[in-house]
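Since the structure comes first, as structure tokens, the remarks are kept for the end.
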Amino acid sequence: MHSVLIIGGRIFKEHPLITDFFIIMMVWSITLGIVNPFGNFPLNDDWHYGLAVERMLEDGEFHPTRSTAMTLVSQVLWGALFCLFFGFSFNTLRFSTLTLSLIGSIGIYLLLRQLNCNRFLSVSGALILLLNPIYFSLSNSFMTDVPFLTCIIFVLLFFIRFLEDESDIDLIFGTVLLIIAILCRQLGLFLPAAFGVVILVSKGFSLKWTMRALIPIIVSSIVLLVHNEWLELSGNIPAYYGIKERELFTILKQPSVVIINIIYNIVIALLYLGFFLFPFLIFLNIFITEKGKWRLRFSITVFFLFVVFVSSWLFSHNRLMPLSGNILFKGGIGPILLRDEFILHLNHYQEIRNGFWLFITIISIVGGGILLSYLTSKIIDLTQNLKHFRENLNNVFFLLCILIYFLPISIHGFYDRYLLPFIPILLAIIVPSMKSSNMRKKKLLIGVSILSFSLIAFLGIAGTRDYLTWNRIRWKALNK
């Protein structure tokens, strides 16, 4: 990256960051103009969090609702900061999240640039996240997912910088952002766990490196324990707080259920992520010939077994995407929080035609097969050679993040929005292995990539616009 040279108020060399940031911001602004995010009404579960912000503005204390299941502190403080300047409303809270969604997409750009990706791929990666249907729709709410993910992205950035440069400043910044993430959602603990393992395995157990490996996990754990104790002593602990952990321990007592859940949820996650990352996945050469015939056979076998097994399972049971609940549903973007739909499940909404979901399901199956084959191949590469392991600490860190984050939610089950943290991590694994020079030679794949990206963006933008319009009309009717 070029540096900006400012002498006497004049910029002599344009920083490419400015151009790339401008592109991302322009796309963000244009999409907001299309969806029209205005409307003083809650969406999904964000009324819980909005109420906590309103209580903080009134008495200066943190009072979550009984239905709150996460830490939420940093989310409430961020929303309250915006409300101090613009007054309390769900419009204000929504724009606080939209601001973080823009920052998060810029964070993806910076992370990919840190991993030596070129500008085109880095901007493309930022837009893949920004226009993802789940990320984009949640950006237009006050849900915790986007603020949590934005913190995760920058923690990944600073921890990767530390792995490469061993600068304690990066470790400090990463740890501070980690605390903010954990005070939004407890699941942020997967980051210091993966980071600590990578440091200890690669650097050894000397006092210097043991301290650096343990500081993030110790500090974040202490912060979480203090927060929990404070909630208990103040009498503000919500009834739902920690409910996911209690349910997880109940499931762990049934080993057969655990195995079934893990297999089922791996398949579901691969289908969603195969769809979301398909514009990049199709450029991956999963049929690796230069590493021997057995590796070629292995990659082909993994890919085709996944495609055949999942296709047979889905089509024999007449099931199409989307397969997990909450944001994406057969009518587009949701959820539809009406009694006849949400409680009685009468399906009075108008579904998008099956042909649309069939096309997305096929993309998801192919993309999921490519992703599974690529990741298993990566894991084999890293475990076969210790030297190769140490030369690829970034990928080891990212793969450990995936494993530690996914294990509890695969046992318990998850909403589709819980898959968002995988997107920046997988982008950080996939994109550095792509070469623009090789991509330009594959004109057919470029066309397929643009088409699939357009489909993903259309679903996110059009679906979110419909969802906001539907809620705007609903609340207008209720207010009258």
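The values are calculated or read from the model by the stated rules, or taken from the named source; none is laboratory data. Since this is a predicted model, take the numbers as computed values, not measurements. Please note: Cβ atoms are built from the backbone with ideal geometry, for glycine as well, and neighbour counts cover all protein chains shown. Accessible surface is based on the protein model in full, side chains and every heavy atom, while ligands, DNA and RNA are left aside. Shrake-Rupley method; radii C 1.70, N 1.55, O 1.52, S 1.80 Å.
Details
- Projected label distance in nm at W230 and L358, using a 7 Å step from Cα toward the beta-carbon: 5.5 nm
- Averaged per residue, the stretch 310-460 has 47 square angstrom of accessible surface, using a 1.4 angstrom probe with ligands and nucleic acids left out.
- In a fully extended conformation the segment linking L337 and V201 would gain 44.2 nm over its present Cα-Cα distance, using 0.36 nm per residue.
- Linear extension gain, M26 paired with I218, 0.36 nm per residue minus alpha-carbon span: 65.1 nm
- In the chain, helices alone account for a calculated mean residue ellipticity at 222 nm of -23500 deg cm²/dmol, with every DSSP H run of four or more residues adding -39,500 (n - 2.57).
- Fraction of accessible area attributable to carbon and sulfur, the stretch 153-204 (%, probe 1.4 Å): 70 percent
- Spacing of the two label points (7 Å from each Cα toward its C-beta) at I103 and N347, in nm: 4.2 nm
- Taking the stretch 38-58 and a reference point 7 angstrom along Cα→Cβ of L77, the backbone N atoms nearer than 20 Å belong to 49-58.
- With an a/c value of 1.5 or above and a/b not larger than b/c for the gyration tensor axes a ≥ b ≥ c computed over the alpha-carbon atoms, the stretch 97-186 is described as oblate.
- Working note: Cα atoms of the chain, range along each principal axis, descending, whole Å: 69, 62, 57.
- FRET efficiency, N479 to E58 (Cβ-Cβ, R0 22 Å, nearest 0.05): 0.45
- Normalised by the number of residues in the chain, the average gap of Cα pairs under 8 Å and 6 or more apart makes the relative contact order 21 percent.
- The stretch 261-358 - convex hull of the alpha-carbon atoms, volume per residue in Å³: 127 Å³
- Estimated translational diffusion coefficient (Stokes-Einstein, Kirkwood radius over Cα pairs, 20 °C, 1.002 mPa s) of the stretch 162-272: 129 µm² per second.
- What you get for the stretch 18-72, charging only the Cβ of Lys and Arg (+1) and of Asp and Glu (-1), is a dipole of about 140 debye around the Cα centre.
- When the P(r) of the stretch 18-166 is calculated, the portion above 27 Å amounts to 28% of the C-alpha pairs.
- Each peptide in 97-108, 36-47 receives the mean, over its residues, of other Cβ atoms within 10 Å, and ordering these scores from highest gives 97-108, 36-47.
- Across H412, H48, the residue with the most accessible area heads the list, and the full order at a 1.4 Å probe is H412, H48.
- Note on K476: aspartates and glutamates with a C-alpha under 20 Å away, same-chain residues under 8 apart excluded, are D45, D46, D340, E341, D466.
- Spin-label model distance (nm) - S433 vs T376, 7 Å beyond Cα toward Cβ: 1.4 nm
- Annotation: extensible slack from R319 through S454 equals 46.2 nm (criterion: 0.36 nm per residue apart, minus Cα-Cα distance).
- Charge dipole (Cα centre; +1 on Lys/Arg Cβ, -1 on Asp/Glu Cβ; no other charges) of the stretch 292-396 amounts to roughly 460 debye.
- By the rule of a C-alpha distance below 17 Å, with chain neighbours fewer than 8 residues away ignored, the aspartates and glutamates paired with K253 are E245.
- Label point at Y415 placed 7 Å out along Cα→Cβ; residues across the stretch 243-263 whose backbone nitrogen lies under 18 Å: 243-248
- Report note on the peptides 469-476, 244-251, 74-81: ranked by the mean count of other C-beta atoms within 10 Å, highest first, their order is 74-81, 469-476, 244-251.
- Given charges at Cβ of Lys, Arg, Asp, Glu: the stretch 274-423 dipole, positive-most of T361, F398, Y374: Y374
- Cut-off 14 Å between beta-carbons: net charge of the residues surrounding L138, Lys and Arg +1, Asp and Glu -1: -1
- Against the empirical curve 2.2 N^0.38 Å, the C-alpha radius of gyration of the stretch 127-176 lands at a ratio of 1.40.
- Projecting the Cα positions of F275, W294, S256 onto the charge dipole of the stretch 231-306 (unit charges on Cβ atoms of Lys, Arg, Asp and Glu, taken about the Cα centre) puts W294 furthest along the positive direction.
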